[in-house]
Amino acid sequence: MSFPRQQARTQRFTIGVPRAFEISPDGRRVAFLRGRDGVDTATCLWIHEAEGSGTATVLADPRTLGADDEDLPPEERTRRERLRESGGGIVSYTVDDAFTRAVFTLSGRLFYVDLVGDDTAPRELPAATPVVDPRISPAGDRVAYVSGGAVRVIDVSGAEPDHGDRAVVEPDGPDVTWGLAELVAAEEMGRYRGFWWAPDGSALAAARVDESDVNTWHVSDPGRPGQEPTALRYPPAGGTNADVRLAVFPVGSAGGRRAPERPEPVWVEWDREALPYLATVGWTTGPDGTPTLVFTAQSRDQRTLDLFSADPATGLVARVRTEADDVWVELMPGVPAHTGSGELVWIGREPGGERRVYVGDRPVSPADVYVRGVVGVDGDRVLYSGSPAGSPADVSLWLVELDTGLSAPVEVPGHGCAASADAGAHSGLRSGRLRGDTLVVQHRSMEFAGVRTMVLRGADTETRRSCSEIESLAEAPDLPEPRVEFWRAGERRIPAALVLPSWYHGDQSPLPVLVAPYGGPHAQRVLNARGAYLTAQWYADQGFAVLIADGRGTPGIGVEWEQSVHLDLAGPVLEDQVAALRDAAERFDCLDLSRVGIHGWSFGGYLSALAVLRRPDVFHAAVAGAPVIDWTLYDTHYTERYLGTPEGEPDAYERSSLLAEAAKLERSLMMIHGLADDNVAFAHTQRMSSALMAAGRPHTVLPLSGVTHSPSDPTVAENLMLLQVEFLKEGLRTGE
């Protein structure tokens, strides 16, 4: 089987990798999601026993429940698109605080499974369909979910008819929904939810989204002329955003002790004109056990982020903390959070410095660690991820033990929990899940293929009590081990990697170069993980030297590096690709700079088109996948963070957009775009193609019928790789 086909059918070797972990309070059991093998798209819910035999057992299998992904509700398809979730079966679930019950949805139907006792067979609840984003209450007695834009609650017990299924709140207008994240929240702010249980289960906080003033766009598929276009509320740069409000609804408890059938909302009001973006919502418990709502709201220019607390009984709001920046405030993953004693866990930037993890007013992360996010807080333990200074390709976990003062990187044992040569070293990519003194760690490295998942018991002690491994069932790539050279390029020390063909020897002819960047904010490609270079190795084995460089704007180095693209998304990123290319040519004498191609997707697609338009002296052929051509057509929250509004910063949009430069094209350019893309609309490629036609510039457009922003069909994904190689070889005249 060819590598492109294998990569496509395994969804880039992610099928069969354990994910979505939940840990029992005693740390002995871990729930997770995984297919039964490396090509099984029907993801199952499993339980891993962390002690004893260390075995894993299937708790819920979609195939035995008579449910599949053929009948997903539109809201669920949209939610998965925002999450870039290409899997099927059980793609998410929640558990109660005591780890006694889990809930999930399949084909818009609601299921639960008991995690304790002898009868652990999944059961369906008679919820109103379609069910979207079900979440179990902390006590495990009820499930809240969204259906038809309404937030509903259903009791798990069958004491009442239809399990007491009822609407807590319903839409009060045709363009109003409750309990769902609006487009910019899910696509750009990392908030995929729209309702939240109080810690004691007495109330639900829910977001009301009114999109009546948001622009309506239509996504159509010319390949299906009988199908009506899909109407989409999309806020382009400078346009009107959804109006988002927040309310609390008392829902009491199950068994007849609930609040009224239709509780009145307790509105949580803040200055939404000054701070229109609802970034995060959650709850904490005060010293007296009273639940308190906490949320963050951000200004339209994103230079101010305020943290608020609110009394759920009155809606009274108090400002807790303000984060401000003259350029923009980054929304950091995992915060706000709170320790067991109620102290705030936050990521803030020191004046003129870098971001650090704070507990209260105390920084608990070293000043020389690039903080990426808080992974988890449980009791007085804080787990965060970051990169050591000068090592942006390494992503590690740090555990802070507030009681003892311990603050150190998490050591990762080798395969099978044996001792490892790089144990404790800053190596590869690490992510995890924390509960008490139990830690689930996932490790990727250049030293081995795939992902290793360990469950560490006593993770806060110097001598670990136990360790077990959750097996990955992902397929091994049918590909030679990636041949990668790492270095920091040029005066700016740009993180760079060069991937050479497995068969290449230095006495052979110089190789054409394929530059393969993402190059933009929030995505990093130069990483110490073998899996990051599988696709690049395959392209290299087709006869290229593949160059990957993370220039200004990408994460991993520092705030100033990220903010270097402010008001110009084109100049700095393109300059750094050229600088990395020239530095590579000085270091490696096997590169032929008379034959340089470039390809990328999304921001990488934009950068690829930009490269052949502005630097045809350097780049000779480009493949631009789903490129952002005109930034006035991209969404508010992302675009305005970097460029401001089109009205306020017209020069920034002119510097960064490509339409006006169509007449400059003199190199081979292929644009690939999904016709059903609701993130980067096909209008970008269509307008660029029209401008190129008007200028008489030949080019190639490959429209993908029914494909969204990320192609998931295995046949399409496989053929895209083959077509790109053919196009690039022809454009660079390398021949076969």
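Considering segment 223-275 alone, what residues qualify as being modelled with pLDDT of 90 or more, in a loop (DSSP other than H, G, I, E, B) and of a type in the set (A, V, I, L, M, F, W, C)?
Listed by number, the residues that qualify are 237, 242, 251, 270, 274, 275.
Quick check on this structure: which one of 79, 109, 63 is surrounded by fewer than 20 Cβ atoms within 10 Å (Cβ to Cβ) and under 21 Å from residue 146 (Cβ atoms)?
109
Let me confirm something: among 704, 723, which residue is over 20 Å from residue 535 (Cα atoms) and without any contact (Cβ under 8 Å) to a residue 60 or more places away in the chain?
Going through 704, 723 in turn, just one is over 20 Å from residue 535 (Cα atoms) and without any contact (Cβ under 8 Å) to a residue 60 or more places away in the chain: 704.
Among the candidates 51, 70, single out the residue that is at pLDDT below 90, part of a loop (DSSP other than H, G, I, E, B) and within 17 Å of residue 115 (Cβ to Cβ).
It is 51.
Does residue 278 satisfy the criteria of being assigned to a strand (DSSP E or B), crowded, with 18+ Cβ neighbours inside 10 Å, over 24 Å from the mean Cα position of the chain (by Cα) and among the hydrophobic types (A, V, I, L, M, F, W, C)?
no
For residue 14, indicate whether it is closer than 24 Å to residue 121 by Cα and touching a residue at least 12 places away in the same chain (Cβ under 8 Å).
Answer is no for this residue.
Just a yes or no: is a residue in segment 715-725 farther than 24 Å from residue 5 by Cβ and modelled with pLDDT of 95 or more?
For segment 715-725, residues farther than 24 Å from residue 5 by Cβ and modelled with pLDDT of 95 or more: absent.
Looking for whichever is surrounded by 20 or more Cβ atoms within 10 Å (Cβ to Cβ) and closer than 26 Å to residue 265 by Cα here; the options are 316, 331, 383, 293. Which one fits?
293
Which of (1) under 28 Å from the mean Cα position of the chain (by Cα); (2) surrounded by fewer than 17 Cβ atoms within 10 Å (Cβ to Cβ) is the odd one out, the single condition residue 237 does not satisfy?
Only one criterion is unmet by residue 237, namely (2).
Please work out which one of (1) surrounded by fewer than 21 Cβ atoms within 10 Å (Cβ to Cβ); (2) free of Cβ contacts under 8 Å to residues at least 60 places away in the same chain; (3) of a type outside the set (Val, Ile, Thr); (4) touching a Gly at 6+ places or on another chain (Cβ under 7 Å) is the condition residue 273 fails and give its number.
(4)
Those residues that are assigned to a loop (DSSP other than H, G, I, E, B), closer than 18 Å to residue 21 by Cβ and in contact with a Gly (Cβ under 9 Å, 6 or more places away or on another chain), I need them from segment 380-415; list them, please.
410, 412
Is it the case that segment 99-110 has a residue that's over 20 Å from the mean Cα position of the chain (by Cα), within 20 Å of residue 181 (Cβ to Cβ), touching a residue at least 12 places away in the same chain (Cβ under 8 Å) and not in a strand (DSSP E or B)?
Yes, there is a match, as at least one residue in segment 99-110 is over 20 Å from the mean Cα position of the chain (by Cα), within 20 Å of residue 181 (Cβ to Cβ), touching a residue at least 12 places away in the same chain (Cβ under 8 Å) and not in a strand (DSSP E or B).
Which residue is surrounded by the fewest Cβ atoms within 10 Å (Cβ to Cβ), if the candidates are limited to segment 531-584 and must be under 20 Å from residue 354 (Cβ atoms), among the hydrophobic types (A, V, I, L, M, F, W, C) and in contact (Cβ under 8 Å) with a residue 24 or more places away in the chain?
By that ranking, first place goes to 559.
Looking at (1) under 18 Å from residue 572 (Cα atoms); (2) without any contact (Cβ under 8 Å) to a residue 60 or more places away in the chain, find the lone condition where residue 644 falls short.
With (1) under 18 Å from residue 572 (Cα atoms); (2) without any contact (Cβ under 8 Å) to a residue 60 or more places away in the chain applied to residue 644, the lone miss is (2).
Check off (1) surrounded by fewer than 16 Cβ atoms within 10 Å (Cβ to Cβ); (2) in contact with a Gly (Cβ under 6 Å, 6 or more places away or on another chain) for residue 695 and give me the number that stays unchecked.
(2)
Is it the case that residue 181 is of a type in the set (A, V, I, L, M, F, W, C), crowded, with 17+ Cβ neighbours inside 10 Å, modelled with pLDDT of 95 or more and part of a strand (DSSP E or B)?
In short, no.
Taking segment 380-415 as the region of interest, how many residues are farther than 14 Å from residue 456 by Cβ, without any contact (Cβ under 8 Å) to a residue 24 or more places away in the chain and among the hydrophobic types (A, V, I, L, M, F, W, C)?
1
So that you can scan it fast, the table gives a plain yes or no per residue for (1) more than 25 Å from residue 442 (Cα to Cα); (2) small (Gly, Ala, Ser); (3) part of a strand (DSSP E or B); (4) under 25 Å from the mean Cα position of the chain (by Cα):
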site: 323; (1), (2), (3), (4): yes, no, yes, yes
site: 326; (1), (2), (3), (4): yes, no, no, no
site: 334; (1), (2), (3), (4): no, yes, no, yes
site: 342; (1), (2), (3), (4): yes, yes, no, no
site: 376; (1), (2), (3), (4): no, yes, yes, yes
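Is it the case that some residue within segment 529-545 is under 20 Å from residue 572 (Cβ atoms) and of a type in the set (Asp, Glu)?
no
Can you find a residue in segment 150-160 that is of a type in the set (D, E, K, R), under 23 Å from residue 336 (Cα atoms) and either in a strand (DSSP E or B) or touching a residue at least 60 places away in the same chain (Cβ under 8 Å) (or both)?
no
Does residue 636 satisfy the criteria of being modelled with pLDDT of 95 or more, closer than 30 Å to residue 303 by Cα and surrounded by fewer than 19 Cβ atoms within 10 Å (Cβ to Cβ)?
Answer is no for this residue.
The values are calculated or read from the model by the stated rules, or taken from the named source; none is laboratory data. For clarity, every value in this text was computed on a predicted model and none was experimentally measured. We place every Cβ from the backbone using ideal geometry, glycine too, and count neighbours over all the protein chains shown.
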